[in-house]
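The block underneath contains the structure these notes are about, expressed in C-alpha cells.
The values are calculated or read from the model by the stated rules, or taken from the named source; none is laboratory data. Just so it is clear, the structure is predicted and the values come from calculations on it, not from any experiment. We place every Cβ from the backbone using ideal geometry, glycine too, and count neighbours over all the protein chains shown.
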Amino acid sequence: MRPVRRPVSMIVMALFTAGLSILAAPPTPIERLRLQITRAIPAAQGEIGVGLKHLESGVELFVSPDEPFPMASTFKLPVLVELHAMAKSGALKWDEIIDIGPRDQHLGSGELSVLYDLPGARLSMHNLANFMMMISDNSAADICLAKAGAKNVNARLSALGVSGIRVDRSCQELILDYRGHDTERLKGLALKELRAALPGSLRDEQSRWAADDRFAKDPRDTATPRGFVTLLEKIWRGEVIDRDASQAILNLMKRCQTGENRIRGLLTAETEVAHKTGTIGGVVNDVGIVYLPDGAGHVAIALLSKRTRASTEQVEKALAQIARYAYDYFYFTSGSSEQPSAGRQ
C-alpha cells in the first residue's frame, strides 16, 4: 500500500497552527480580572458598567467606560461636592438652620418623609447633608440640591475636569418621571397630597421593565463609569475644593448605611469603604473607594447598571462579586511587577 501524499501547503499550515498554539500566551492577571467581571455581569440580566482604578499605581480597568447610566441617588455625591465649595466660599454655612415644611418632604427613601403629618422639623445644613449621604434621604437631598443648584453642581464638575456626569432633577422629579406621571403638575404638592393623587407602584414586571427602558434612554441625571472614577480619584487626592473638604466628604461616605450587599457585600467586615449607593427600578448602583489592608492601597470602584431584569438581590450579588474580584486582584498584585501598563484600558 502506497503512502498518502499530502500537499506541502497543508503540512505548512498545520505546522503554523501548531506553532501559534504553542506561542499563544496565557491571559495576563488583568485580563483574568476582566474575564471574571464579564462572567459576573450576565446574572444581572441587564447592563452593568464597571470602573476600577488602583489609585496608587494608576492601573485601571473599565467595562463600558463612557456609556451613560442613570445615577439614581449616586447623584447626591456631586451635590455634596458643591455644598462644600459653597461653604468654602462663604455662600453656605453648615450650621444654618432650615425649616422643613410639608412641601419639603418628598417621595422615596429616608426618614424625613415620615414627618408629613406633623408641622415639620428644623435641621442644620450639615445634618441635612448627613441625612442625604448616610441614609440616602430624598427629602434632605432635594433641599441640598435646591441650595446648591443643579447648574452650579455641573459647573463645579466641569471646573474639576470631571466629564460624563450631569445632574438635572430633584429626587421628587426623578421618581415622578420614572413612573411616567405628570411631573410638572405634581412635583410641588405636599407629600400627603401627592400620595393621595398617585396610583400604586409599578406592580407587574412588564410595567416596571417599560419604565426601566424609558428611564435608560433619558440623558438626564446620568453618569459614566469613567466619570465617577475620575471624581472619586480627585476626592481621594484632596483635589476637590481642598484637602480638608475632600477628607470630610470621604469621612461622610464611610458612614453610608445603605447598600451593604453591594461593594461591601463580599468584603470582610473590617474593610473600610467610602461609598454612595443609588437605586430605582432596574438601576442598582454603588460608587466608592475601597481601602485595601496591609498598605496595598486604595481602589476607586464605580458599579452602575440599567435595565436589569433580575431581582435587586441578584444584581447586588453580581456587583458584590465584581467588587470582590477587584479587591483580590489589587490586594495580591499591588506593588508587584505583574501589573502591566497594558492594564490601563
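All conditions but one from (1) modelled with pLDDT of 95 or more; (2) touching a helix residue (DSSP H, G or I) at 6+ places or on another chain (Cβ under 8 Å); (3) of a type in the set (Gly, Ala, Ser) apply to residue 320; the one that does not is (2).
Exactly one residue out of 157, 61, 55, 80 is touching a Phe, Trp or Tyr at 6+ places or on another chain (Cβ under 7 Å) and within 30 Å of residue 334 (Cβ to Cβ), and it is 55. Grab the strands (runs of 3 or more DSSP E) fully contained in the stretch 42-146, keeping just those with 2 or more residues being surrounded by 17 or more Cβ atoms within 10 Å (Cβ to Cβ) and within 24 Å of the chain's Cα centre (by Cα). Counting at least 2 such residues, we get 47-54, 60-63. If only residues of the stretch 154-182 that are of a type in the set (Val, Ile, Thr) and under 17 Å from the mean Cα position of the chain (by Cα) are counted, the one that is surrounded by the most Cβ atoms within 10 Å (Cβ to Cβ) is 167.
Of the listed requirements (1) surrounded by 13 or more Cβ atoms within 10 Å (Cβ to Cβ); (2) within 25 Å of residue 128 (Cβ to Cβ); (3) in contact (Cβ under 8 Å) with a residue 40 or more places away in the chain; (4) not hydrophobic (A, V, I, L, M, F, W, C), residue 282 misses just one: (2).
Does residue 318 satisfy the criteria of being in a helix (DSSP H, G or I), surrounded by 24 or more Cβ atoms within 10 Å (Cβ to Cβ), small (Gly, Ala, Ser) and at negative phi? So residue 318 passes the test.
Going through the stretch 209-266 one residue at a time, which ones are surrounded by fewer than 21 Cβ atoms within 10 Å (Cβ to Cβ), aliphatic (A, V, I, L, M) and part of a loop (DSSP other than H, G, I, E, B)? Correct list: 266 only. In the stretch 58-80, the residues that are within 19 Å of residue 275 (Cβ to Cβ) form Cβ pairs under 6 Å with partners that are surrounded by 24 or more Cβ atoms within 10 Å (Cβ to Cβ) and polar (S, T, N, Q), at six or more places apart or across chains, as follows: 72/285; 73/136; 74/285. Per the conditions (1) free of Cβ contacts under 8 Å to residues at least 40 places away in the same chain; (2) in contact with a helix residue (DSSP H, G or I) (Cβ under 7 Å, 6 or more places away or on another chain); (3) among the aliphatic types (A, V, I, L, M), the sole criterion not satisfied by residue 269 is (2).
Within the stretch 24-37, is there a residue that is modelled with pLDDT of 95 or more and under 18 Å from the mean Cα position of the chain (by Cα)? Break it down into steps so the answer makes sense when it comes.
Residues of the stretch 24-37 that are modelled with pLDDT of 95 or more, as a first pass: 30-37.
From what's left, under 18 Å from the mean Cα position of the chain (by Cα): 37.
Yes, some residue in the stretch 24-37 is modelled with pLDDT of 95 or more and under 18 Å from the mean Cα position of the chain (by Cα).
Filtering the stretch 183-204 down to residues that are exposed (fewer than 10 other Cβ atoms within 10 Å of the Cβ) and modelled with pLDDT under 90, which residue is nearest to the chain's Cα centre (by Cα)? Show your work before the answer.
At the first step, the residues of the stretch 183-204 found to be exposed (fewer than 10 other Cβ atoms within 10 Å of the Cβ) are 184, 196, 199-201, 203-204.
From what's left, modelled with pLDDT under 90: 196, 199-201, 203-204.
Values: 196: 32, 199: 29, 200: 28, 201: 24, 203: 26, 204: 26 Å.
The residue in question is 201.
Just checking, does the stretch 239-249 include any residue being at pLDDT 95 or above, out of contact with any Ser or Thr (no Cβ under 6 Å at 6 or more places or on another chain) and within 22 Å of residue 320 (Cα to Cα)? Please lay out each step first, then the result.
Pass one, the stretch 239-249, residues at pLDDT 95 or above: 239-249.
Those still in the list that are out of contact with any Ser or Thr (no Cβ under 6 Å at 6 or more places or on another chain) too: 239, 241-249.
From the residues that got through so far, the ones that are within 22 Å of residue 320 (Cα to Cα) too are none.
For the stretch 239-249, residues at pLDDT 95 or above, out of contact with any Ser or Thr (no Cβ under 6 Å at 6 or more places or on another chain) and within 22 Å of residue 320 (Cα to Cα): absent.
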